[in-house]
Every structure is written in C-alpha cells, then in structure tokens.
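Take a look at the structure below.
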Amino acid sequence: MKKSFGFIIILILLAVSVLFSACSKQQDMQAPVKAKTEKNSDVPRIGFSVATDTFIIERWNKDIKIFTSAVSDLGGDVLLQMSAGGNAAQIQQIEYLLSQNIDVLVVIPHDCDLISGVIQEAGEKGVPVIAYDRIINNVPLAAYVSFDNRQVGSLMAEAAVKACPKGNYLILNGSIRDTNVYEVNAGIYSILNPYINKGSIRVGEEIWLDEWSFDEALQKLGEVFAVREDFDAILAGNDQIAEAAVQLLAERRLAGNVVVTGQDAELAACQRLVEGSQLMTVYKPIDRLATKTAQIAMMVARREELPEPSTYVDNGSSEKVPYFRLAPIAVTLDNIEDTVFKDGFHSRQDVYRTSVLK
C-alpha cells in the first residue's frame, strides 16, 4: 500500500512538472506576438493606411514602395495596411494601426468624409495624422501633402482646347468620394468656361463616378454612347477611366479621332500616347510626393518644426491644415522624353513596346 501511495505521489509530481513546462512554452510562444506591439523608442514608427479601389492600380504600388524606402532612409519604420475593401475595411485597419504604438498615421482615404470618425480617434490617442494625396475632412490634421489638383484639371483642359478649340466635350469625373475630383473639375471649367460662354465648346455630357472604377466608367459611358457618340473630346479623371473611354471609342472605330485626356501617367496611358488614342496625361512625380510626405512624417514623429507650407486649407475642422502642394506636369508625345523617361518613371522600351523606337 505504501508503495502504491508513493507511486501515486511520483505521478502527481510528474504531471505538475509537465503542466509547468507546457505553460512555460506557451508563454514563450506568446512573447514574440506581444513584442510586435512594442517598439524601439529611438525608431519612429509610421502607420501607413492605403485605400484603393483595387490592389492592382499601378500608381499606388509606386507610392508605397517609394514612401517606405524614404522613411527607412530617414531612420524610421513603416507599418503598412492596404485595403481595397472600401471605407469599413480601412477604418478597421486604421484601428489596428492605432493599437501598434505608431508615432504618426499617414492616410490615403477611401472616403474623405466618412473616415473622419476614426481619424478623430487617432487624435484623441495623441497620434498625429497626415493626409496623403487626398484631404480628410472635418478633423484636425498635422499636414496635407498632395499635388495641385486644380492645376491637374486646367492642364487637361488646356491640352484639349489646344487640340480641339471647338466641338462637343464629355467630362468623365472620378469618384465623388474623393475631394480631389472636385478640384480637378474646377480646374477644367476654369479653362473651358470662356469657350463655353462664347459658344465654341459645349459640354454635352458630364459623368460622375461612385468609385475610381474602370468597370463603372465603362458602364456609364456606354450608356451615354448608346444615345449619342458625337463627342470631339473626353476629359477623363484619370488614366484608368480614360482607358474605358478609349476602349469604347475603339469599338466604334473612333479611337484617335476623339481627344482623350487623363492623369497619373500610367504605363498603358503612355503607350496610348504613342499609339495616338490618348492625347495627354498629367504626370505627377510620385517620388517627390512620397519623399516629401516621408520627410514631413518623420519630422512630426520627432516633434520637429515643420517647414513653411505652400498654403493652409480649410477642411471643415477647427484648424487650418498646412498644405504642402506640388506641381503636376502635362505630358504629351512631344515631351514624354524629358519627363516620364528622364525621371525613370517608365522606360522608352516599355512605352513603345513593339513600336519602332524613335
């Protein structure tokens, strides 16, 4: 009986030992997970929330790469969250970033208004917010860095009017959720209005998209084309929706006969410049935008005084927002060599593809 009792004691001790060992291993496994929310106080951590309508937009992939590299060169780390799932997904991802001990939050918003609640939450947690390329409304911001979007529109219209000073125009605006679209639209009309007033140009149709969507542009433009096709110029909000216009024109054997403009200098758009189906695109040197934003973000993270902004903008909050404004560039076949190629944004070989290199 004593032997049996002793054997039981040994089993109990072994069980306790195994249990203690298992608990110790579980703690060891959890430690690295916990460490992910901790950070080296000497290395600023920049949260970067990127909202796009699709993961495959060439433009935003360039922004992410350059911004991340620039922050790293300045001694910081970037914690990236990229969403193509709309406003709800972006809010969820920003809430995650705010749980990761970030010093600054940089945001490309999906919806410039609906995102204000979670941005307010960031402010309450002491995390400064920088709006990248698109302004965020109704909440205080540390800075806004973008191109002169009104000038983007005026450059489009100037190129179109030069090529087509008379005729029927169609304006294909981008997403109504993006405040830049309204600035681009205002820039377009600042050039067109004198021609409209004297009757030489007529805006026969104007389309507004819910999203920056090729498919939506194709559908809404197709509905217009089902009724009328007598357009001499189409001013498209970006190169992606300009592509939808060119596709519909090509189906009707009108590509190259109608002036088409866009923005972003996407590779396909530059190829269309060579082919003659698109007149111009607005080139926004992304390296300047991403690098400037990285510099501002790191200065904010280190509590350094910011340089004088280009101007201040009213975003509907209690404070004017410092706006660091960059200049866009109109690109046609005449100056693509000195802009897109010279900057290494695209190579001549990629743009000309099977065309004879000039």
Restricting region 302-321 to residues that are over 22 Å from the mean Cα position of the chain (by Cα) and closer than 24 Å to VAL78 by Cα, the residue that is surrounded by the fewest Cβ atoms within 10 Å (Cβ to Cβ): GLU305
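Conditions (1) among the polar types (S, T, N, Q); (2) surrounded by 15 or more Cβ atoms within 10 Å (Cβ to Cβ), marked per residue:
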| site | (1), (2) |
| --- | --- |
| SER190 | yes, yes |
| ASN197 | yes, no |
| ILE207 | no, yes |
| TRP212 | no, yes |
| LYS220 | no, yes |
| VAL224 | no, yes |
| GLU229 | no, no |
| ALA236 | no, yes |
| ASP239 | no, yes |
Does region 40-52 contain at least one residue that is at pLDDT below 80 and over 27 Å from GLN240 (Cβ atoms)? yes
Going through (1) farther than 24 Å from ILE66 by Cβ; (2) touching a strand residue (DSSP E or B) at 6+ places or on another chain (Cβ under 7 Å); (3) among the small types (Gly, Ala, Ser); (4) touching a residue at least 40 places away in the same chain (Cβ under 8 Å) one by one, SER277 fails only at (4)
Selected residue (only one of THR261, THR293 is crowded, with 20+ Cβ neighbours inside 10 Å, closer than 25 Å to VAL161 by Cβ, touching a helix residue (DSSP H, G or I) at 6+ places or on another chain (Cβ under 8 Å) and of a type in the set (S, T, N, Q)): THR261
Single residue of region 82-100 satisfying the filter (in a loop (DSSP other than H, G, I, E, B) and modelled with pLDDT of 95 or more) that is surrounded by the fewest Cβ atoms within 10 Å (Cβ to Cβ): SER99
Go through region 308-341 and give me each residue that's without any contact (Cβ under 8 Å) to a residue 24 or more places away in the chain, of a type outside the set (S, T, N, Q) and either closer than 18 Å to ALA268 by Cα or touching a helix residue (DSSP H, G or I) at 6+ places or on another chain (Cβ under 8 Å) (or both). ASP334, GLU337, PHE341
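The values are calculated or read from the model by the stated rules, or taken from the named source; none is laboratory data. None of the values given here were measured: they were computed from a predicted structure. Backbone-built Cβ (ideal geometry, glycine too); neighbour counts: all protein chains shown.
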